[in-house]
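**Q** This structure is in structure tokens; I'll ask about it shortly.
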Amino acid sequence: MAELSLSDRALQAVREGRFAEGAALYAEHLAGGRRDPGAAANCAIALRRLRRWEEGLRILEPYRGETLPAVPYTLGHLYSGLRRWPEAVDAFREAARLQTSPDLDLSLARALLALGDYEEGFRLFESRVDVPGFPARRLQTPGVAEWRGEDLTGRSILVWMEQGLGDQIQFARFLPQLRGAARVGVACHSAVAPLLTPLADEVFARDKPFAARGYHYWTLSMSLPRHFGTRRETVPPAPYLRTPQAYRAKWRGKVPEKVGVVWQANPKNPDGPLRSLPSPDLLDPLREVATVVDLQAPRGDLADMAAILEQLDLLVSVDTAPAHLAGALGLPAWVMLADVSDWRWGEGEATPWYPSLRLFRGRWEEMIAKMAAELAERAPTGG
């Protein structure tokens, strides 16, 4: 049996998830000035999976202008990894001129949204339902039509709150804009349901059986910005959620600590491990300058968490649901973003989605040291 070539061995390694080995083999294959667009793209794909963005660009940028769609498509993801959004948009548009796909449209949508182009971004974001494996799908509800912006006077609509808890919290702000409908139903995760009850006529737990019959229309929650023509400057403002009184009474006086911390994102999210601190011990600098409570362990549903957050001076969190909840309640929170952050966080320290949040970026240790220094300055001095 003939021995596999370097490029074949590299491809096999990448397909089997051995990205470091595959990248090294491709680099060896490309050494000496060999020009091979396909191998260069595959090498860059492996480096992207390893989050070695700059190295991937060094390999692939010399092939810019090639007619192989994988070249500009992969460049777009490498630029996105470095938050070089304008270059990512250009690369994805170049790839779209060569070949179109729902995945490409979604990648371009995210880059446009990160730049604040919500009009085109949310239009292209509709492609998410056609991307295999993406956690959003059109509802299969006989007799209930998909809403495409029709007049809702005298009509009823069911909103499917899609994707994760943070997504459901973020896009709940659009529910009040449906008040012209005769009836608004919401299907959401059971942990979010107590918070969304004031925003709809009916709230169903998405993770439990319920009947969607009797509604005229359905829509996905993350399609609402497109239907409402949302622009960066017209994002419905926070706060838009309130803690139910029963939950306030339940937790009143039970959270004496001043700073709450959430250090781990949802492990079921593909990016969860990347958004999470490797260890809560990294937060020790905060404990040296402030009274800290670890909120990582579940304490009921998100209405319980809301009641707890209201008693804190500050939440410090990674990119996960409690950060969204603090923002939706209008409460102060500092959010630690990994080197690759979601489109919704844009650039800088502020976001139009949640004015009460402050965004920190960089290495974990650097972000925490900066927070600790600022908390130390806030601490009262003895006299």
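Coordinate-derived values only; no laboratory data. The structure displayed is predicted, hence computed values, not measured ones. Backbone-built Cβ (ideal geometry, glycine too); neighbour counts: all protein chains shown.
**Q** Just to verify a number: FRET efficiency for T100 and T141, C-beta to C-beta distance, R0 = 30 Å, to 0.05?
**A** Details: r = 29 Å, r/R0 = 0.96.
Between T100 and T141 the formula returns 0.55.
**Q** Using a Gaussian network model on the chain with a 10 Å cutoff between Cα atoms, which of D105, D319, D201 fluctuates the most?
**A** Top of the fluctuation ranking is D201.
**Q** If Lys and Arg each add +1 and Asp and Glu each add -1, what is the summed charge of the other residues whose beta carbon sits under 15 Å from the beta carbon of V159?
**A** Details: positive: R137, R138, R148, R155, R173, R179, R183, R206, R226; negative: E146, E150, E162, D167, D201, E202.
Within the 15 Å Cβ shell, the charges total +3.
**Q** Kindly put E87, E54 in sequence by how many other C-beta atoms sit within 10 Å of each C-beta, fewest to most.
**A** Ordered from fewest to most neighbouring Cβ atoms within 10 Å, E87, E54 come out as E54, E87.
**Q** Another question, if that's okay. Is the stretch 259-383 best put as rounded, prolate or oblate by its Cα gyration tensor, with a ≥ b ≥ c the root eigenvalues, rounded for a/c under 1.5, and otherwise prolate when a/b is larger than b/c, oblate when not?
**A** rounded
**Q** For a quick check, take a GNM of the chain with Cα springs below 10 Å and name the residue from H324, H77, H227 with the largest mean-square fluctuation.
**A** Among H324, H77, H227, the largest GNM mean-square fluctuation belongs to H227.
**Q** If each residue's Cβ is checked for other Cβ atoms within 10 Å, how do S156, S317 rank with the fewest at the top?
**A** Ascending Cβ contact count within 10 Å gives the list S156, S317.
**Q** Check each of the trypsin sites (Lys or Arg not before Pro) in the stretch 143-176 and keep only those in coil by DSSP with at most 11 other C-beta atoms within 10 angstrom; list them in order.
**A** Numbers: sites: R148, R155, R173; in loops: R148, R155.
Answer by residue number: R148.
**Q** Answer rounded, prolate or oblate for the stretch 137-232, using the Cα gyration tensor with square roots of eigenvalues a ≥ b ≥ c: rounded when a/c is under 1.5, else prolate when a/b is larger than b/c, else oblate.
**A** It is rounded, given that a/c, with a ≥ b ≥ c, falls under 1.5.
**Q** Over the stretch 145-234, what relative contact order in percent results from Cα pairs under 8 Å that are six or more residues apart?
**A** Normalised by residue count, the contact order of the stretch 145-234 is 39 percent.
**Q** How charged is the neighbourhood of A181? Take every other residue with its Cβ under 9 Å from the Cβ of A181, and add Lys/Arg as +1 and Asp/Glu as -1.
**A** Cβ neighbours under 9 Å give a net charge of +2.
**Q** Candidates [x] 98, 26, 18; [y] 36, 27, 22; [z] 39, 30, 18; which is the computed semi-axes √(5λ) of the Cα gyration tensor in Å?
**A** [z]
**Q** Give the residues of the stretch 277-295 whose amide nitrogen is closer than 17 Å to a point set 7 Å from the Cα of R51 in the direction of its Cβ.
**A** Zone members listed by number: 277-283.
**Q** Can you give the helix-only mean residue ellipticity at 222 nm for the chain, where every DSSP H stretch with n ≥ 4 adds -39500 (n - 2.57) and the sum goes over all residues, rounded to the nearest 500 deg cm²/dmol?
**A** Calculated at 222 nm, the ellipticity per residue is -11000 deg cm²/dmol.
**Q** For the chain, with a Gaussian network of springs between Cα atoms less than 10 Å apart, report the residue from A109, A31, A88 with the top mean-square fluctuation.
**A** In the Gaussian network model the winner is A31.
**Q** Further question: Assign one of three labels to the stretch 193-320, namely rounded, prolate or oblate, based on the Cα gyration tensor with a ≥ b ≥ c the square roots of its eigenvalues; rounded applies when a/c is under 1.5, prolate when it is not and a/b is larger than b/c, and oblate otherwise.
**A** On the way: a/c = 1.95, a/b = 1.61, b/c = 1.21.
Since a/c reaches 1.5 and a/b is larger than b/c, the shape of the stretch 193-320 is classed as prolate.
**Q** For V131 and E150 in the same chain, what is the full-extension length gain: residue separation times 0.36 nm, less their Cα-Cα distance, in nm?
**A** 4.3 nm
**Q** Need one number: % antiparallel among DSSP beta bridges in the chain, to the nearest 5.
**A** Antiparallel: roughly 0 percent of the beta bridges in the chain.
**Q** Can I ask one more? What percent do you get for the relative contact order of the chain when only Cα pairs under 8 Å and 6+ apart count? Kindly include the intermediate steps, with their values, before the conclusion.
**A** On the way: 655 pairs, mean separation 45.5, N = 383.
Over the chain, the number comes to 12 percent.
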